[in-house]
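*Asks:* Below you will find the structure I want to go over with you.
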Amino acid sequence: MALRIGIAGYGQMGRMIRQKALAGGHEVPVIVDPDSTSEEVTAEDVASISAPVDVIIDFTAPHEVINNIERYGELKIPAVIGTTGWYEQMNRVAAIVDKSGIGLIWSSNFSLGVNLFFQLVKSAGRLMNRFPHYDAAIHECHHRHKADSPSGTAKTIGDIILTALDRKRLTVSELREGRIDKDALHISSTRCGSVPGFHRVIFDSDVDTIVLEHTARNREGFAEGALAAADWICGRKGMFSIDDMMESIIGGVFDR
């Protein structure tokens, strides 16, 4: 189904989403960005949105996204939120969504491959819970312009492992002097060049090492996933994570 898609945040992700949307037969009548000089931008902030859209995809900034979501609620626009760094305000966003009656889907990473990776990590964590001689760690690498560290995706992976592994109780993203606590899950980060991103989960024992890794070759996978989420959220009401969308696609296959 062809959609009228709005884009908030016209950086590299926003431009890729527009390109993929137009190639897929969608319209992009609204592009919002206060800092971009592109002629394709139609408004400086979401308060200025006037053209009708069926859904909006938001890749902006943590300090902007809550006000943006309030505006989407006022305009009754379903929203795909790819912006990270706002999750401590999840209850506030849920209240906005409930009051406005819109549909909203959020994720730290909309790549379908990454979300399959999440499912694999979840299954591996449950399995490793029965093998206490394996320790666990996470490493991620992204381009040097990335603002947050560790990445939102790495934090999500950390939450998955903490839920699955009884022996891990907290995440640590910076090593203190001395040894890391036995019940701590270390998340390490590297920022370098123009790397689109990779995430690695390590299970290590005295005798061997098991590694699960996802590597993004470019941003196309993220854009395609965001567009799939835009199609999925249209016609739905309430607040959803991408786990809900993935469950509707793959069912309980990883729980078998």
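Read-outs throughout are calculated quantities, based only on the coordinates presented, and are distinct from any laboratory measurement. Given the structure is predicted, the values throughout are model-derived calculations rather than measurements. No Cβ is skipped: glycine too gets one built from the backbone with ideal geometry, and neighbour counts run over all protein chains shown.
*Asks:* For the pair Arg130 and Ala184, how long in nm is the line joining their label points, each one 7 Å along Cα→Cβ?
*Replies:* Label-label distance for Arg130 and Ala184, simple model: 3.1 nm.
*Asks:* Considering only Tyr10, Ser205, Asn68, whose Cα is most displaced toward the positive end of the charge dipole of the chain, charges sitting on Cβ of Lys, Arg (+1) and Asp, Glu (-1)?
*Replies:* Selected residue: Ser205.
*Asks:* Quick check: the angle from helix 152-164's long axis to the longest principal axis of the chain, C-alpha only, nearest 10 degrees?
*Replies:* Result, in degrees: 50.
*Asks:* Still on this model: Report the gain in length on full extension from Ala23 to Asp208: 0.36 nm times residue separation, minus Cα-Cα distance, nm rounded to one decimal.
*Replies:* Values: separation 185, 0.36 × 185 = 66.60 nm, distance 4.60 nm.
Length difference between fully extended and current span is 62.0 nm.
*Asks:* I've got another one for you. Ser241's amide H: which non-local residues (gap 5+, or another chain) put their own amide H closer than 5 Å, with H modeled 1.01 Å from N in plane and none for Pro or chain starts?
*Replies:* Trp106
*Asks:* How big is the charge dipole of the chain about its Cα centre, in debye rounded to the nearest 20, if each Lys and Arg gets +1 on its Cβ and each Asp and Glu gets -1 on its Cβ? Could the numbers behind the result be given before it?
*Replies:* On the way: 27 positive and 34 negative charges, 88 e Å.
So the magnitude is around 420 debye.
*Asks:* Under 10 Å, Cα contacts only: if you run a Gaussian network model on the chain, which one of Phe203, Phe131, Phe118 comes out with the highest mean-square fluctuation?
*Replies:* Taking springs between Cα atoms under 10 Å, the residue moving most is Phe131.
*Asks:* Let me ask another. Net charge within 15 Å of Pro29 by Cβ-Cβ distance, Lys/Arg positive one each and Asp/Glu negative one each, not counting Pro29 itself? It would help to have the intermediate numbers written out before the result.
*Replies:* Values: positive: Arg4, Arg18; negative: Glu27, Asp33, Glu39, Glu40, Asp54.
Neighbour charge sum, excluding Pro29 itself: -3.
*Asks:* Give me the aspartates and glutamates in straight-line cross-link reach of Lys182: C-alpha distance below 16 Å, same-chain residues under 8 apart excluded.
*Replies:* Cα-Cα hits under 16 Å: Asp135, Asp166, Glu174, Asp204, Asp206.
*Asks:* Turning to a different aspect of this structure: May I ask you to compute the full-extension gain from Asp45 to Ser123, defined as 0.36 nm times their residue separation minus their alpha-carbon distance, rounded to one decimal in nm? Present the calculation step by step, with values, prior to reporting the outcome.
*Replies:* Details: separation 78, 0.36 × 78 = 28.08 nm, distance 4.15 nm.
Between Asp45 and Ser123, full extension yields 23.9 nm more.
*Asks:* Between their Cα atoms, which of Lys20/Lys76; Lys99/Lys168; Lys76/Lys168 are more than 32 Å away from each other?
*Replies:* On the way: Lys20/Lys76 24 Å; Lys99/Lys168 37 Å; Lys76/Lys168 42 Å.
Among Lys20/Lys76; Lys99/Lys168; Lys76/Lys168, the Cα-Cα distance tops 32 Å for Lys99/Lys168; Lys76/Lys168.
*Asks:* Under a point spin-label approximation (7 Å from Cα along Cα-to-Cβ), what is the Ser173-Arg236 distance to one decimal in nm?
*Replies:* Result: 2.7 nm between the two label points.
*Asks:* A further question on this structure: Quick one: which residues, 5+ away or cross-chain, put their amide H under 5 Å from the amide H of Val30? H built at 1.01 Å from N.
*Replies:* Ile7
*Asks:* Which whole-number percent is the relative contact order of the stretch 112-215 (Cα, under 8 Å, 6+ apart)? Each step should come with its number before you reach the end.
*Replies:* Values: 175 pairs, mean separation 38.1, N = 104.
Result for the stretch 112-215 is 37 percent.
*Asks:* Under 18 Å from a point 7 Å along the Cα-to-Cβ line of Lys99: which residues of the stretch 48-78 have their amide N that close?
*Replies:* Counting backbone N atoms under 18 Å from the label point, the list is 64-78.
*Asks:* Between the stretch 1-54 and the stretch 186-227, how many Å separate their Cα centres?
*Replies:* Result: 28 Å between the Cα centres.
*Asks:* A further question on this structure: Given the rule -39500 (n - 2.57) for each run of at least 4 DSSP H residues, summed and divided by the residues of the chain, what is its mean residue ellipticity at 222 nm, to the nearest 500 deg cm²/dmol?
*Replies:* Numbers: 7 runs with 90 residues, N = 256.
Roughly -11000 deg cm²/dmol at 222 nm, from the helical runs in the chain.
*Asks:* Give me the Debye-computed log₁₀ of I(q)/I(0) at q = 0.10, 0.13, 0.24 Å⁻¹ for the stretch 112-215, equal point scatterers on Cα only, no solvent, two decimals.
*Replies:* Log10 of I(q)/I(0), two decimals: -0.26, -0.45, -1.38.
*Asks:* Within the chain, what's the longest run with no GluC sites (Glu not before Pro) in a DSSP loop and at most 12 other beta-carbon atoms within 10 Å? Give the range, please. Could you put the intermediate results ahead of the total?
*Replies:* Numbers: sites that count: Glu39, Glu44, Glu174, Glu177.
Counting only loop sites that pass the neighbour cut-off, the longest clear stretch is 45-173.
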